[in-house]
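Readers should treat all values here as calculations from the given coordinates under stated rules, not as data from a laboratory. These numbers come from a predicted model, not from an experiment. Here the Cβ positions follow ideal geometry from the backbone for every residue, glycine too, while neighbour counts run over all protein chains shown.
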Amino acid sequence: MTIRIFTIVGARPNFMKAAPIHAAAIRKGVDHRIIHTGQHYDEAMSKIFFDELGMPEPVVYLGVGSGSHAVQTANIMIGLEKVFMEHEPDLVNVVGDVNSTVAAALVAKKLHIPVCHTEAGLRSRDLQMPEEINRMVTDVISDLLLTPSVDGDENLLAEGKTRESIVCVGNVMIDTLFMNLPKAKELNTLEELSLKEGNYAVLTMHRPSNVDDETAFTRVANALLKIADQIPVVFPVHPRAAKNMDKFGLTNRFESHQNIQLLKPLGYLEFMSLVSRSKFVLTDSGGLQEETTALGIPCVTLRENTERPITATEGTNTIVGTDANKIDEVCQDILSDKGKQGRVPELWDGKASERILDAMTKFLGANEREHVKMASQNKT
Ligand code: UD1
């Protein structure tokens, strides 16, 4: 019997995790379908990733769009309940930590459909972050927990999950990175932006704690404007940050700095072509902390904490927070070529998606045997 697995995606960071899982599923003859909640809906935040990463059209697109956390999460749940009831997947795979992740896990679990969480076990211990709540709730109810690194296993075991429910599969986003890097490097992005390899920084910011608060955003912006006095900075602006930059009167200040280029959100290949040839990256993103570690590029994380500590303990990441002096200090080290060196963590080898499929099929095989056993016991 063919196994039917649904992977749920909604927001930009989900797409690069789902793409290699889909490809591995097809190779193994699994009936794998992608369901898109529509949490992100702009072409630049969604469709371009499907095209570039070779993903098929989602079989269902819910189109939930934006809203408060409650509205967005509830709309995703209402939409997915119908889809799961109609299609009866054997397993629902949720990825990452966005609202679509937790919403899908809740709906599947209440319909008694087994839930797999890809990228389980990450913890920032910061409950002000909506993603931390999403991670914790998703992991508590997931049946199969696939971690990107062993710190994830340790967190889950400490929270009472069983050893059998956890498999360290490595970092699936790095599968996408390694597969697409040659294509990304062929692009003329640097020439188009008049940048020189190794002589510019890439900046991204979209965390509510940084961009929704005027004082915090202005403080970080001041620090960044100072760094741009020394090195060109290229800043693809997330819609949330763009809105608030306008609101707080920061757009003009960035735009009028001759060393700063503000860009619309970029597709995966263009963005990776920029990141992979940069001197360093400044970011509050989660995924970018991992991608820079895999690429050996110094990363300055503009957050007080990280759910991906391995990028700091083993990789090239430095967690600096939003203090202007600290940001400057770390950037000065990098600019004088004393930036952090790192190594690529174990199992970030481009083969995580294969291990994910193996773990899922093994889990479903064991589940099937358990059901048969229970059914025969009920007959006697
Ligand atoms: C979401 C995720 C975050 C992830 C980020 C990546 C949650 C809680 N947060 O945050 O973990 O790092 O995606 O981008 O799930 N908007 C657009 N066009 C779009 C999508 C959003 O203009 O295609 C606007 C919305 O109108 C909204 C804002 O951007 O005002 C934020 O969108 P939302 O999906 O709520 O959260 P993100 O900040 O993108």
Revision key, fill the gap. Residue-ordered couplings for region 68-79, obtained by feeding phi - 60° into the Karplus form 6.51 cos²θ - 1.76 cosθ + 1.60 and rounding to whole Hz (Gly and Pro as x), are 5, 4, 5, 5, 5, 5, 5, 5, 5, 4, 4, x
Check your understanding: Which peptide among 334-346, 100-112, 291-303 comes first, and what is the full order, when sorted by highest mean count of other Cβ atoms within 10 Å?
Key -> 291-303, 100-112, 334-346
Study note, to complete from the structure: Any aspartates and glutamates whose Cα falls less than 13 Å from that of Lys340, other than same-chain ones fewer than 8 residues away, would be Glu314, Glu329
Study note, to complete from the structure: Charge dipole of region 189-300 built from unit charges on the beta carbon (Lys, Arg +1; Asp, Glu -1), centred at mean Cα; most positive-end Cα among Tyr268, Phe254, Leu195 is Phe254
Check your understanding: Does anything in region 196-213 have its amide N under 15 Å from the 7 Å Cα→Cβ label point of Glu255, and if so which residues?
Key -> none
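Kindly identify region 182-335 as rounded, prolate or oblate by the Cα gyration tensor criterion: order the square roots of the eigenvalues as a ≥ b ≥ c, call it rounded if a/c is under 1.5, otherwise compare a/b with b/c, prolate if a/b is larger, else oblate.
Here region 182-335 falls in the rounded category.
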**Study point:** Integer Hz, Karplus 6.51/-1.76/1.60 couplings in order for region 58-65, x for Gly and Pro
**Key:** x, 6, 9, 10, 7, x, 6, x
Review point. Tell me, what ³J(HN,Hα) does each residue in region 200-208 have, in order and in whole Hz, if you take phi through Karplus 6.51 cos²θ - 1.76 cosθ + 1.60 with θ = phi - 60° and put x for Gly and Pro?
Key: 7, 10, 9, 10, 9, 8, 8, 4, x
Exercise for review: List every residue whose amide H lies under 5 Å from the amide H of Leu282, counting only residues 5 or more places away in sequence or on a different chain, with H placed 1.01 Å from N in the peptide plane.
Suggested key: Val202, Leu203, Thr204, Val300
Review point. Which angle between 0 and 90 degrees, to the nearest 10, do you get for helix 172-186 versus the longest principal axis of the chain when only C-alpha atoms count?
Key: 50
Study note, to complete from the structure: Helix-only [θ] at 222 nm, the chain, -39500 (n - 2.57) per DSSP H run of 4+, per residue, nearest 500, equals -15000 deg cm²/dmol
Point to revise | Prolate/oblate/rounded call for region 1-150, Cα gyration tensor, a/c under 1.5 rounded | key: rounded
Check your understanding: For the chain, what is the relative contact order in percent, using Cα pairs closer than 8 Å and at least 6 residues apart in sequence?
Key -> 15
Practice item. With springs connecting C-alpha atoms under 10 Å apart, model the chain as a Gaussian network and identify which of Ile310, Ile48, Ile21 has the largest mean-square fluctuation. Key: Ile48
Point to revise | Sorted peptide list for 132-139, 92-99, criterion being average Cβ within 10 angstrom, highest first | key: 92-99, 132-139
**Study point:** Amide proton proximity set for His238, modelled H, under 5 Å, gap of 5+
**Key:** Met205
Exercise for review: Give the shape of the chain as rounded, prolate or oblate, defined through the alpha-carbon gyration tensor: a ≥ b ≥ c are the square roots of its eigenvalues, a/c under 1.5 means rounded, and otherwise the shape is prolate if a/b is larger than b/c and oblate if not.
Suggested key: prolate
Practice item. Please work out the C-alpha center-to-center distance from region 320-352 to region 43-61 and express it in whole Å. Key: 31
Exercise for review: Estimate the FRET efficiency between Asp212 and Asp328 by the formula 1/(1 + (r/R0)^6), using the beta-carbon distance for r and 22 Å for R0, to the nearest 0.05.
Suggested key: 0.40
Point to revise | Asp126/Ala158 FRET efficiency (R0 22 Å; Cβ-Cβ; nearest 0.05) | key: 0.85
Study note, to complete from the structure: Pairs over 26 Å Cα to Cα, from Lys47/Lys264; Lys47/Lys110; Lys47/Lys196; Lys28/Lys82; Lys47/Lys185, come to Lys47/Lys110; Lys47/Lys196; Lys28/Lys82
